[in-house]
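I have placed the structure first, in the form of structure tokens, so that the comments after it can refer back to it.
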Amino acid sequence: MFDRIIRALKMDKTIFAEVAKDPKLMNEATLIVVVVTVVGALGSLFLTIAFFGLGFLSFILAIINGIAIGWVLWSWVSAWIAKKWQVGTATFQEMLRGFAYATTPRIVGILAFIPILGWLIAFAGSVYSLYLAFLAIKQIQNFDNQKATINVAVGWLIFLIVGFIISGIIGAATAAFALRAVGL
């Protein structure tokens, strides 16, 4: 597992297609996404406790966003776009496995609470993860740069929109609950 993670981080030209084609790696892929998401979300927890006092909600939201939206939904959207409009052949499960390894740089999100530099490090991890997602799509679907760029851009946009909607719903519900708790 660690060898494959290192290969992904080093942008190995074959790793994403290799893991995508091996169904036995689904449990490993799931473990990677869960660990990366939970550890990265801890940075969000520490940051919001330290500065805003809303730590647990932020932690749960980051986990939901990372797993359900950032991994599962984006993998499905990417596979669907590729099959529907780009003549791609990879399945949803293959995209799940490939994208799992592309998420690994997001683990640095645990450093988000560090003043000034923390959020920059977390942001850099997210950008690097986005680039690895581009490489994963390119390798798994056997796309050129243009098709991979379009696919990753559409998937990322959907990820952002759905994430903002869910964050807004949870934020509004939390505010309503807090106002009710104080009698307003």
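Candidates S75, S126, S44: the one that is surrounded by 18 or more Cβ atoms within 10 Å (Cβ to Cβ), without any contact (Cβ under 8 Å) to a residue 40 or more places away in the chain and of a type in the set (S, T, Y) is S75. Scanning the range 13-56 for residues that are assigned to a helix (DSSP H, G or I), at pLDDT below 70 and small (G, A, S) turns up A50, G55. Of all residues in the range 98-106, none satisfies being at pLDDT below 80 and either surrounded by 17 or more Cβ atoms within 10 Å (Cβ to Cβ) or of a type outside the set (D, E) (or both). Residues in the range 109-135 that are of a type in the set (A, V, I, L, M, F, W, C) and within 13 Å of the chain's Cα centre (by Cα): A122, F123, V127, L130, L132, A133, F134.
Of all the helices (runs of 4 or more DSSP H) wholly in the range 69-178, which have at least 3 residues that are closer than 18 Å to L9 by Cα? Fully inside the range 69-178 and qualifying: 92-102, 117-141.
Cβ-Cβ contacts under 6 Å between residues 6 or more apart (or on different chains), taken from a first residue in the range 10-33 that is closer than 19 Å to Q139 by Cα to a second residue that is aromatic (F, W, Y) and part of a helix (DSSP H, G or I), are listed as V19/Y101. Restricting I121, I116, I107 to those that are hydrophobic (A, V, I, L, M, F, W, C), more than 22 Å from E28 (Cβ to Cβ) and in contact with a helix residue (DSSP H, G or I) (Cβ under 7 Å, 6 or more places away or on another chain) reduces the list to I121.
The values are calculated or read from the model by the stated rules, or taken from the named source; none is laboratory data. As the structure is a prediction and not an experimental result, all values here were calculated from the model. Cβ: placed from backbone, ideal geometry, glycine included. Neighbour counts: every protein chain shown.
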